[in-house]
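First up is the structure itself, then whatever we jot down about it.
The values are calculated or read from the model by the stated rules, or taken from the named source; none is laboratory data. Note that this is a predicted model, so its numbers are computed, not measured. Cβ placement follows ideal geometry from the backbone for every residue including glycine, while neighbour counts extend to all protein chains displayed.
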Amino acid sequence: MSDPIPARTLTPAQRRNDLWLSLALLVAAIVSAWLGHVAGVYGEESPAFGWALVYSAALTLPIAARRRYPEAVLITIALAFFIGVSFRVPEIYLGNVSLFIAMYTVGAWVPDRRRATIVRLVVIAGMFGWLLVTTFQAATAEDDGGLSRAGLFSPFAAFMLLQFLVNVAFFGGAFFFGERAWAQYRSVTTLEQRTRELERERELTAAQAVALDRVRIARELHDVVAHHVSAMGVQAGAARAVLDRDPASARAALQSVEQSAREALDELRQLLETLRTPDADTPDDSTLGPASLPELVTHANDNGLPTTYAVVGDPIAVPELVRVNLYRVAQEALTNARRHGGPGATADVRLRYTPDAVELEIANTGRDPLGGRPGLGLVGMRERASASGGTLEAGPRPRGGFLVRMHVPVGVGTAAGVGAGPAAGVEIGAQA
């Protein structure tokens, strides 16, 4: 929702312009009054010329503050105009100009539109009421040899109608142009507000994109590093334990550490190459997926976690993102089972297909993970499930151990085995 239209800001340049305008109008009003006095516009009924100077100042000097106090300036000039004309001050042009400018300014600058309308309508009603009174007085006065009043539409009636129409055009124009100026300001201000809102949204979107990229990079690094480093820790500990009495087993364990380090470096290199490629669409070119789960299970068996693997149901085609996330969730769950399950822990990996969903379940025996705040691995698994459009259940099992279950709706499958892994019913047994 856009903010309310703010009041217009008066700049120093606009203040200077208003001051110069008021001084120019003052000079013009004095000249007009002097010429009117010399021409005898009102004959002998005109007051002394000194009053014309006061009248000129009252009409024009308030213009200097027209944008700061528009309503007060309009009322002041309207009252001065009424008094000057009533006392027949011989200035008949600049008063109209000042009144027009003041009324226009109220329409163009007052943010309270209701108040701006009321002030202008009150002044207009007062002026037309005054016009009607003077018209009635002139019509009922004795004929002094002026315009003829004879006939249904006399020259006098035509002159009065002309005066009425001129006033309608005068005040209507001031009202109309003031409204147009405010509408234009409102349009420009609304456009500027929307531009600022779009800029804020663009910055927010960019920040969110950066944050999402950081989370994705952190998740990938965690999954790669935690999996291989935990395996390296297990093998290094085994090598240290048998180094003196069984050098051959220690050598084999160290070879496993070396192999895990190489695999970790290969995956890190692949991740960094993906990040350095501007148009890379991770993880589309990845070979990770359900087809790689048997290798993951074999790796878990080789690193001290007896693990079984089974595929239930007919494999269906799944999106690339889901395939990668299924693999990473299984990888992280097995890593946690190896780290927290303790001696004698085992694990079971099941990939279950239905016509419209795929479900991955990793259950392990042994100790439950320590309580407290969930680790980054569990947070990453939940993020992967959410990014795949699915859900993740993770928690201790009633009979001991821990269970991770990821369920992803994928629609009706049309082709079997897009990276699905072994055929339905195939099981890989644990290797002690």
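Structure above, values below:
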| read-out | value |
| --- | --- |
| Residues that are of a type in the set (G, A, S) and in a helix (DSSP H, G or I), drawn from the stretch 300-350 | A300, A330, A333, A337 |
| Single match in L74, L10 (criterion: of a type in the set (A, V, I, L, M) and touching a helix residue (DSSP H, G or I) at 6+ places or on another chain (Cβ under 6 Å)) | L74 |
| Odd one out for T308, checked against (1) touching a helix residue (DSSP H, G or I) at 6+ places or on another chain (Cβ under 8 Å); (2) under 26 Å from A218 (Cα atoms); (3) surrounded by fewer than 23 Cβ atoms within 10 Å (Cβ to Cβ); (4) touching a residue at least 60 places away in the same chain (Cβ under 8 Å) | (2) |
| Check on A141, hydrophobic (A, V, I, L, M, F, W, C), at pLDDT below 90 and surrounded by fewer than 21 Cβ atoms within 10 Å (Cβ to Cβ) | yes |
| Any hit, the stretch 12-30, residues being within 30 Å of A125 (Cα to Cα) and in contact with a Gly (Cβ under 9 Å, 6 or more places away or on another chain) | yes |
| Residue in the stretch 239-259 that is modelled with pLDDT of 70 or more, acidic (D, E), part of a helix (DSSP H, G or I) and at negative phi present | yes |
| Residue under evaluation A125, criteria (1) more than 25 Å from V110 (Cβ to Cβ); (2) at pLDDT 85 or above, criterion not met | (1) |
| Any hit, the stretch 88-107, residues being closer than 24 Å to M160 by Cβ and without any contact (Cβ under 8 Å) to a residue 12 or more places away in the chain | no |
| Filtered residue count, the stretch 186-232, keeping only those that are of a type in the set (G, A, S), within 30 Å of L305 (Cβ to Cβ) and either at pLDDT 75 or above or exposed (fewer than 10 other Cβ atoms within 10 Å of the Cβ) (or both) | 0 |
| Only listed residue being surrounded by 14 or more Cβ atoms within 10 Å (Cβ to Cβ), in contact (Cβ under 8 Å) with a residue 60 or more places away in the chain and either touching a Pro at 6+ places or on another chain (Cβ under 6 Å) or assigned by TED's automatic domain parsing to the domain that holds R114 (or both), chosen from A58, A29 | A29 |
| Cβ-Cβ under 7 Å pairs, at least 6 apart or on other chains, the stretch 153-173 side in the same structural domain as R120 (by TED's automatic domain parsing), far side aromatic (F, W, Y) and part of a helix (DSSP H, G or I) | N167/F128; F170/F100 |
| Residue in the stretch 71-93 that is under 50 Å from the mean Cα position of the chain (by Cα), buried (at least 22 other Cβ atoms within 10 Å of the Cβ), in the same structural domain as A174 (by TED's automatic domain parsing) and not hydrophobic (A, V, I, L, M, F, W, C) present | no |
| Test for L161: is it within 28 Å of R88 (Cβ to Cβ), surrounded by 11 or more Cβ atoms within 10 Å (Cβ to Cβ) and at pLDDT below 90 | yes |
| Within the stretch 99-131, considering residues that are surrounded by fewer than 16 Cβ atoms within 10 Å (Cβ to Cβ) and not in a helix (DSSP H, G or I), the one farthest from the chain's Cα centre (by Cα) | D112 |
| Boolean, G43 is in contact (Cβ under 8 Å) with a residue 12 or more places away in the chain and assigned by TED's automatic domain parsing to the domain that holds W182 | no |
